[in-house]
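Notes for the one structure printed next.
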Amino acid sequence: MSPDNMEEKQDLIEYLKSLPDVEDTLPPFPEEAAAVEEPELSPAEQLANVIRQASARSRLVTKTQITQELEQGEVLLTAMAMMDSCKDIRSTAGKTETYYYSSQVMTDNYAMIATLVAEEDNPATLAQMVRFHAEKYPAATPFTYFYEHPYCWTPEQLALALDQVKNTPAYADIVEVRAYDGTPFLISTRYVSEHYGKALADFGQESTESM
């Protein structure tokens with residue numbers, strides 16, 4: 001290499017060294033992006049994730065499970081209730097237990113039904129759902145409703161629950177009506193009359209046949 005070329009190369013190196021540092025505006029390569037660490041979750045946020053995963057599988061998490069399986073279960077529940085990142089975690093109270101679920105993946109209505117099923121009090125479940133349908137829609141509840149998920153009762157279980165309902169004064173508003181073809185339905189006279197309830201049963205049966 002000639003002296004002139006060597007001097008030119010040296011000048012280029014000195015020039016490059018003199019350039020100011022500039023920020024790299026190009027996005028990182030995928031492997032670089034993956035290397036970025038996510039913020040660590042607190043124990044309360046980890047508990048919230050467990051509840052979300054259970055809700056995604058249509059399951060509730062009981063307070064007893066939390067307090068028995070986690071040393072500071074009560075403390076974590078209190079902390080979770082105060083965190084904005086856990087606002088989707090809700091609870092529903094049964095007769096014997098408190099149940100937790102995530103409203104991100106489970107509706108309040110489904111959580112109510114899941115709570116009734118978990119309590120395993122079939123007469124109370126039957127009465128509450130018949131009242132719920134009569135008040136909210138209103139609608140008559142077909143016997144076959146309780147054969148479906150999440151109840152999955154057998155005809156024998158339904159017959160036993162009906163017998164207990166009929167012999168319990170607190171459930172005196174739960175009445176059987178029949179559609180035009182004899183299909184049995186249940187209504188609550190707390191919210192609809194028997195005459196209106198029969199019309200609802202007729203409508204429900206017509207809707208079923210037209211499907």
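The values are calculated or read from the model by the stated rules, or taken from the named source; none is laboratory data. Predicted model only: the values in this text are computed from it and were never measured. Cβ atoms come from the backbone with ideal geometry, glycine included; neighbour counts cover every protein chain shown. Accessible surface is based on the protein model in full, side chains and every heavy atom, while ligands, DNA and RNA are left aside. Shrake-Rupley method; radii C 1.70, N 1.55, O 1.52, S 1.80 Å.
Contact annotation: residue pairs with Cβ atoms under 8 Å, 6 or more positions apart or on different chains, pairing a residue in region 185-208 that is within 16 Å of Phe132 (Cα to Cα) with a partner that is of a type in the set (S, T, N, Q) and open to solvent by less than 20 Å² (accessible area, probe 1.4 Å), are Phe185/Thr141; Leu186/Thr141; Ile187/Thr141.
Taken together, the criteria exclude Thr115 from residues that are under 16 Å from Phe185 (Cα atoms) and among the β-branched types (Val, Ile, Thr).
Asn109 passes every criterion in (1) open to solvent by 50 Å² or more (accessible area, probe 1.4 Å); (2) modelled with pLDDT of 95 or more; (3) not β-branched (Val, Ile, Thr) apart from (2).
Lys87 - would you say it is touching a residue at least 24 places away in the same chain (Cβ under 8 Å), closer than 30 Å to Pro43 by Cβ and basic (Lys, Arg)?
Details: touching a residue at least 24 places away in the same chain (Cβ under 8 Å): no; closer than 30 Å to Pro43 by Cβ: yes; basic (Lys, Arg): yes.
Against the criterion (touching a residue at least 24 places away in the same chain (Cβ under 8 Å), closer than 30 Å to Pro43 by Cβ and basic (Lys, Arg)), Lys87 does not qualify.
For region 137-149, give me each residue that is modelled with pLDDT of 95 or more, open to solvent by 10 Å² or more (accessible area, probe 1.4 Å) and not in a strand (DSSP E or B).
If the condition is that a residue be modelled with pLDDT of 95 or more, open to solvent by 10 Å² or more (accessible area, probe 1.4 Å) and not in a strand (DSSP E or B), then Tyr137, Pro138, Ala139, Ala140, Phe143, Thr144, Tyr145, Tyr147, Glu148 are the ones that fit.
Annotation note: of Arg52, Arg59, the sole residue that is in a loop (DSSP other than H, G, I, E, B) and either in contact (Cβ under 8 Å) with a residue 12 or more places away in the chain or not small (Gly, Ala, Ser) (or both) is Arg59.
Of all residues being part of a loop (DSSP other than H, G, I, E, B) and in contact with a Pro (Cβ under 8 Å, 6 or more places away or on another chain) in region 162-199, which is most open to solvent (accessible area, probe 1.4 Å)? Just the residue, please. Restricting to residues being part of a loop (DSSP other than H, G, I, E, B) and in contact with a Pro (Cβ under 8 Å, 6 or more places away or on another chain), the top hit is Tyr191.
Please go through region 41-59 and pick out each residue that is touching a Leu at 6+ places or on another chain (Cβ under 9 Å), open to solvent by 40 Å² or more (accessible area, probe 1.4 Å) and under 24 Å from Leu116 (Cα atoms). Passing the criteria: only Asn49. Every condition in (1) in a helix (DSSP H, G or I); (2) in contact (Cβ under 8 Å) with a residue 40 or more places away in the chain holds for Val117 except the one numbered (2).
Taken over region 60-97, the criterion of being under 18 Å from Tyr110 (Cα atoms) and surrounded by 15 or more Cβ atoms within 10 Å (Cβ to Cβ) is satisfied by Leu60, Val61, Thr62, Asp88, Ile89, Arg90, Ser91, Thr92, Gly94, Glu97.
Conditions tested, residue by residue: (1) closer than 27 Å to Ser58 by Cα; (2) out of contact with any strand residue (DSSP E or B) (no Cβ under 6 Å at 6 or more places or on another chain); (3) modelled with pLDDT under 95.
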| position | (1), (2), (3) |
| --- | --- |
| Thr98 | yes, no, no |
| Arg131 | yes, no, no |
| Leu160 | yes, yes, no |
| Val165 | no, no, no |
| Tyr171 | no, yes, no |
| Gly182 | no, yes, no |
| Leu186 | yes, no, no |
| His195 | no, yes, no |
| Met211 | yes, yes, yes |
